[in-house]
Amino acid sequence: KIECEIGDIWVSPSITTYIFKLADEADLSRISALSNKLAFAIKAHPIRVVSPIPGTALAGIEVPNEAREVVSLDDKLNDEEFKKLTGSLTILLGRDTKNNSRYVDLRKQICILMGGSTGSGKSNFFHSIFASLTGQYKPYELRFILADAKRIELVTYKDGPYLLWPVITRYEEILNAFTWCLAETDRRVAMMKSANFKTLEEYNEKVEE
């Protein structure tokens with residue numbers, strides 16, 4: 001008994017979002033309160049009510065798809081949109097609720113913390129980060145230091161060409177690696193400061209000239 005007008009339907013790999021406009025904005029809170037009843041009625045759990053959708057006067061109901069679509073990393077790394085971003089530290093996040101590819105520049109992130117239960121996709125996300133970066137650079141341009149305290153998670157990359165040294169599994173060696181990284185950071189900052197550059201990109205461009 002809530003009057004509304006159905007709008008777009010967004011189909012993404014894991015959820016379908018039904019967009020609608022309410023006749024009375026006062027019903028936004030009523031929609032949110034009905035999420036459990038809606039889930040029971042359509043036999044889909046959990047569903048998510050977004051009211052309003054940020055930046056709009058619309059509301060949406062996100063319903064899990066019966067079968068999730070597999071998002072191929074290979075297709076995305078080879079499409080023109082990603083190739084235009086090559087040359088930065090761009091990583092592929094996946095697809096959003098509108099089924100658009102989403103990317104992020106690693107240089108703009110202070111850190112990335114991944115959390116989730118077993119089987120929720122943490123390892124796959126790490127592999128997509130690694131593949132995104134190695135797809136843009138050659139081994140002589142990019143190096144990784146990988147620490148694997150579980151000793152089984154990163155065995156795939158053992159002795160790979162992009163590793164600065166073999167995958168670290170001992171805690172004391174992890175500490176040594178961080179210490180080396182800090183020293184290397186200080187060395188590069190001092191190097192750029194002496195050359196009057198603020199960023200590594202500016203420094204590399206001048207060196208190439």
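The values are calculated or read from the model by the stated rules, or taken from the named source; none is laboratory data. Since we're looking at a predicted model, the values are computed, not measured. Because the Cβ atoms are built from the backbone with ideal geometry, glycine has one as well, and the counts that use them run over all protein chains shown. Calculation scope for accessible area: heavy atoms of the full protein, side chains included, ligands and nucleic acids excluded. Shrake-Rupley method; radii C 1.70, N 1.55, O 1.52, S 1.80 Å.
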Residue by residue through region 196-207, the couplings from Karplus 6.51 cos²θ - 1.76 cosθ + 1.60 with θ = phi - 60°, in Hz, x for Gly and Pro, are 6, 10, 9, 10, 5, 4, 4, 5, 5, 5, 5, 4
Ordered by number, the GluC sites (Glu not before Pro) in region 65-169 that occupy a DSSP loop and have at most 13 other Cβ atoms within 10 Å are 66, 69, 141
Leaving out ligands, DNA and RNA, what percent of the accessible area of region 131-209 is carbon and sulfur, probe 1.4 Å? 57 percent
How much length, in nm to one decimal, is gained on full extension between residue 1 and residue 45, taken as 0.36 nm per residue of separation minus their Cα-Cα distance? 13.7 nm
With the other protein chains left in place, how much accessible area per residue, in square angstrom, belongs to the chain at a 1.4 angstrom probe? 72 Å²
Tell me whether region 46-95 comes out rounded, prolate or oblate; compute the Cα gyration tensor, take square roots of the eigenvalues as a ≥ b ≥ c, and use a/c under 1.5 as the rounded threshold. oblate
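Set the Förster radius R0 to 41 Å, insert the Cβ-Cβ distance between residue 66 and residue 108 as r into 1/(1 + (r/R0)^6), and round the FRET efficiency to 0.05.
That gives a FRET efficiency of 0.65.
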To test your reading of the geometry: what angle, between 0 and 90 degrees and rounded to tens, separates the Cα axis of helix 122-134 from the longest principal axis of the chain? 50 degrees
Per DSSP loop assignment and a cutoff of at most 14 other beta carbons within 10 Å, the chain keeps its longest run without exposed chymotrypsin sites (Phe, Trp or Tyr not before Pro) at 1-136
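Could you tell me whether region 82-153 comes out rounded, prolate or oblate from its Cα gyration tensor? Rule is a ≥ b ≥ c as square roots of the eigenvalues, rounded for a/c under 1.5, then prolate if a/b exceeds b/c, otherwise oblate.
Details: a/c = 1.95, a/b = 1.09, b/c = 1.78.
Note, shape of region 82-153 comes out oblate.
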Residue separation times 0.36 nm, minus the C-alpha to C-alpha distance between residue 25 and residue 195: what's the value? 55.4 nm
What are the residues whose amide H is under 5 Å from the amide H of residue 103, where those residues sit 5 or more places off or on another chain and H is modelled from the backbone? 93
Classify region 1-71 as rounded, prolate or oblate, taking a ≥ b ≥ c as the square roots of the eigenvalues of its Cα gyration tensor: rounded when a/c is under 1.5, otherwise prolate if a/b is larger than b/c and oblate if not. oblate
Over all directions, what mean area does the Cα convex hull of the chain project, stated in square nanometres? 16.5 nm²
Among DSSP bridges having both ends in the chain, what percentage is antiparallel? Round to the nearest 5. 85 percent
Counting only protein heavy atoms, what percent of the accessible surface of region 1-87 is carbon or sulfur at a 1.4 Å probe? 54 percent
With a cut-off of at most 16 other beta carbons within 10 Å, and DSSP calling the residue loop, which trypsin sites (Lys or Arg not before Pro) in region 103-209 qualify? Please list them. 143, 150, 151, 158, 170, 198
What number do you get for region 105-209 when its Cα radius of gyration is normalised by 2.2 N^0.38 Å, N = residues? 1.25
Can you give me the distance in nm between label points at residue 173 and residue 14, each placed 7 Å from the Cα along the Cα-to-Cβ direction? 3.3 nm
